[in-house]
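Data block below; observations after.
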Amino acid sequence: MNFRLATIEDVPGIIKVSIDTWRTAYQDIFPADYLNNLSYEESEEKWRKRFINPEKNIFFYIAETEAKKIIGFILGGFEQQDLTLKIPGIRKYVGELRAIYVLKEYQRSGIGVKLVKMVVERLLEKNINSMIVWVLKDNPNGKFYEILGGKYIGQKMLEKEGVDYVAFAYGWDDIRQILSY
Ligand SMILES: CC(C)(COP(=O)(O)OP(=O)(O)OC[C@H]1O[C@@H](n2cnc3c(N)ncnc32)[C@H](O)[C@@H]1OP(=O)(O)O)[C@@H](O)C(=O)NCCC(=O)NCCS
């Protein structure tokens, strides 16, 4: 297993992980039609843009097998969070874990933790000690963040395809604790 920063050449592999993992992780949350209609090809342009014209202060890391198959990725960043939210104290969470996906057949083998630690190390290099993540309330993988010491700090509504979903925020006041997991 290899962990490294992603490049634009990794886009097809990242899209495959993203869509395949959405289909397994969100099958009881989003409508089947919506998940079935997700298209690798149609996602390509949006994802390529993220590398050609990247948002400021974001970074992607990937996990790949020895055969160079991408099996997981994480998107981290800072100063991206929705500051319009009225959750008390939310502004103090500067770092953000924006997305993490590991293919179902590779889950529960430590890849997720390793990817989170890479984001944490990057944030610490920037002297950022706090982090927030948003996860759908109905996503059982929210437990992953609790195991890593994240504390529930609030919630917001997320609209997708005309349906409102509740998302929970978990926060870490001191992300160094994650490195000792
Ligand atoms: C959430 C996710 C990234 C975790 O990655 P992973 O590689 O499976 O996690 P790890 O193997 O590093 O897990 C480390 C520990 O976290 C805990 N954990 C991970 N997933 C968990 C879950 N679904 N429920 C409860 N605990 C969980 C366990 O304690 C686990 O250790 P163990 O396997 O020895 O019991 C992965 O399951 C995933 O991609 N899920 C689908 C997409 C998703 O929901 N992403 C988050 C959206 S915000």
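Give all pairs with beta carbons closer than 9 Å in which a residue from segment 157-170 that is farther than 12 Å from Ile87 by Cβ meets a residue that is surrounded by 10 or more Cβ atoms within 10 Å (Cβ to Cβ) and polar (S, T, N, Q); count only pairs at least 6 apart in sequence or on separate chains. From segment 157-170, the pairs are Val166/Gln155.
A search for C-beta distances below 7 Å between a residue of segment 50-61 that is under 13 Å from Gly77 (Cα atoms) and any residue that is among the acidic types (Asp, Glu), counting only pairs 6+ apart in sequence or on different chains, returns Asn57/Glu79.
Return yes when Tyr93 is under 14 Å from Val133 (Cα atoms) and in contact with a helix residue (DSSP H, G or I) (Cβ under 6 Å, 6 or more places away or on another chain) and no when it is not. Walk me through it before giving the result.
Values: under 14 Å from Val133 (Cα atoms): yes; in contact with a helix residue (DSSP H, G or I) (Cβ under 6 Å, 6 or more places away or on another chain): no.
Considered against the rule, which asks whether it is under 14 Å from Val133 (Cα atoms) and in contact with a helix residue (DSSP H, G or I) (Cβ under 6 Å, 6 or more places away or on another chain), Tyr93 comes out as no.
Check whether at least one residue in segment 132-145 is over 23 Å from Ile19 (Cα atoms) and out of contact with any Phe, Trp or Tyr (no Cβ under 8 Å at 6 or more places or on another chain), and report yes or no. No - not one qualifying residue is present in segment 132-145. Of the helices (runs of 4 or more DSSP H) lying entirely inside segment 64-181, those carrying at least 1 residues that are under 25 Å from Trp47 (Cβ atoms), more than 13 Å from the chain's Cα centre (by Cα) and more than 10 Å from the ligand (Cβ to nearest atom) are 111-125. Among the residues of segment 7-59, which ones are of a type outside the set (Phe, Trp, Tyr), within 16 Å of the ligand (Cβ to nearest atom) and in a loop (DSSP other than H, G, I, E, B)? Result: Gln27, Asp28, Ile29, Leu38.
Rule-based calculations on the coordinates, nothing more; no lab input. Model, not experiment: these values are computed from the prediction. Using ideal geometry, Cβ is built from the backbone for each residue, glycine included, and neighbour counts are taken over all protein chains shown.
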